[in-house]
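Visitor: Let me begin by handing over the structure; questions about it come next.
The values are calculated or read from the model by the stated rules, or taken from the named source; none is laboratory data. Only a predicted model underlies this, so the values are computations on that prediction, with no experimental measurement involved. Every residue, glycine among them, receives a Cβ derived from its backbone with ideal geometry; neighbour counts consider all protein chains shown. The accessibility values were calculated without ligands, DNA or RNA, using every heavy atom of the protein model including side chains. Shrake-Rupley method; radii C 1.70, N 1.55, O 1.52, S 1.80 Å.
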Amino acid sequence: MKKTINLNSGSIVNNAKLKPKTKRSKRFLDNRAAKLTENVKGAIIMKGGNTSQTITQTLKDIYSLKKPNAVLYKKKNITRPFEDSTSLEFFSKKSDCSLFLFGSHNKKRPNNLIFGRMFDFHVLDMIELGVEKYVSLADIKVSKCPEGTKPMLVFAGEAFDTDVEHKRLKSLLIDFFRGPTVSAVRLAGLEHILHFTAVDGRIYMRSYRSLLKKSGCRTPRIELEEMGPSLDLILRRTHLASDDLYKLAHKQPKALKPKKKKNISHDAFGTKFGRVHMQKQDLSKLHTRKMKGLKKRRAVTEEQNTPAPIVES
């Protein structure tokens, strides 16, 4: 029996499906069917059997940043993702979400957050972070960005480029917060900034709102205003996929790969260059525009033609 891959969450489903009986069920199955361009990645946000007030509020704030592409489970789920991830995989398949955020709290690992993602409805990556300091959205009394605003992601710190675990964490955070893929964004829509800094073994997450001020010219002056949430995180346990599985999860269909065009290249800034092939030209037969200013004057030509006088001593 042939199988296809759901590109949204990497699920493997059989082609032999039950035919939908209603139009609503048909739309539901079409939305989950395999597509060349995948849907926006959704996230499930849930808490464990034991949680603290800090973790509960953190999950709510991250859900506010992720809406509407997130599902928040308010009930407690007694599970340990690093020991048994079947519960997370079940909720991922039920909600058709390929990202998850799990919060828990215990004496050994207080204020614990687990970011992760799925492939084929199985856990691909999991990274555990501990919350050392937290400031919620409500604690910072400023105006907030509208729901569904696509954030700009900034990563600072050498660890994000050198350390393997921090590299994978950077990729995971980009997947989690990137939002929908758009072709163009207006200037006023660039108002939410998520800044991640890795220094001294800690990761600092800050959320800013950009303000466009008058500058006296066409380009506005930009100021950043912190709006929350603010998190000081420390890296704990990790569960990383192997290189082969990680490469398989990033594999794209052939139909989406751009076709190579001859004699066209791009530089580092995305500028497009084209090379044109022409036959060899004979520049001696090239007709140029004649200008009056380049003609020699008559008096000058006569003086040049008259011989110089002979002086006898």
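Visitor: Look through Ile62, Ile78 and report the one residue that is closer than 20 Å to Val40 by Cα and hydrophobic (A, V, I, L, M, F, W, C). Steps first, answer last, please.
Guide: Working: Ile78 fails: closer than 20 Å to Val40 by Cα.
When all the criteria are applied, what remains is Ile62.
Visitor: For region 90-147, which residues satisfy the criterion of being modelled with pLDDT under 90 and at positive phi?
Guide: Asp96, Asp120, Phe121
Visitor: Checking Ser242 against (1) of a type in the set (Gly, Ala, Ser); (2) surrounded by 10 or more Cβ atoms within 10 Å (Cβ to Cβ); (3) under 30 Å from Arg109 (Cα atoms), which single condition isn't satisfied?
Guide: So the condition that Ser242 fails would be (2).
Visitor: If a residue has to be at pLDDT below 85 and within 30 Å of Ser136 (Cβ to Cβ) to count, how many in region 225-270 make the cut?
Guide: Residues in region 225-270 being at pLDDT below 85 and within 30 Å of Ser136 (Cβ to Cβ): 1 in total.
Visitor: Further, regarding this structure: Yes or no: Lys150 free of Cβ contacts under 8 Å to residues at least 40 places away in the same chain and either not in a loop (DSSP other than H, G, I, E, B) or not polar (S, T, N, Q) (or both)? So that I can check it myself, show each step before the final result.
Guide: Working: free of Cβ contacts under 8 Å to residues at least 40 places away in the same chain: no; either not in a loop (DSSP other than H, G, I, E, B) or not polar (S, T, N, Q) (or both): yes.
Here the answer is no, as Lys150 does not meet what is asked.
Visitor: Going through region 62-116 one residue at a time, which ones are of a type in the set (Phe, Trp, Tyr) and over 27 Å from Ser207 (Cα atoms)?
Guide: Phe82, Phe90, Phe91
Visitor: Only one of Ala241, Ala255 is touching a Leu at 6+ places or on another chain (Cβ under 8 Å) and in a loop (DSSP other than H, G, I, E, B); which?
Guide: Exactly one residue qualifies, and that residue is Ala241.
Visitor: Can you confirm whether region 198-208 contains a residue that is of a type outside the set (Phe, Trp, Tyr), in contact with a strand residue (DSSP E or B) (Cβ under 9 Å, 6 or more places away or on another chain), part of a loop (DSSP other than H, G, I, E, B) and open to solvent by less than 30 Å² (accessible area, probe 1.4 Å)?
Guide: Within region 198-208 (the criterion being of a type outside the set (Phe, Trp, Tyr), in contact with a strand residue (DSSP E or B) (Cβ under 9 Å, 6 or more places away or on another chain), part of a loop (DSSP other than H, G, I, E, B) and open to solvent by less than 30 Å² (accessible area, probe 1.4 Å)), the answer is no, since none of the residues qualifies.
Visitor: May I ask you to say which residue of Leu224, Leu248, Leu231, Leu235 is assigned to a strand (DSSP E or B) and open to solvent by 70 Å² or more (accessible area, probe 1.4 Å)?
Guide: Numbers: Leu248 fails: assigned to a strand (DSSP E or B); Leu231 fails: open to solvent by 70 Å² or more (accessible area, probe 1.4 Å); Leu235 fails: open to solvent by 70 Å² or more (accessible area, probe 1.4 Å).
That would be Leu224, the only listed residue that is assigned to a strand (DSSP E or B) and open to solvent by 70 Å² or more (accessible area, probe 1.4 Å).
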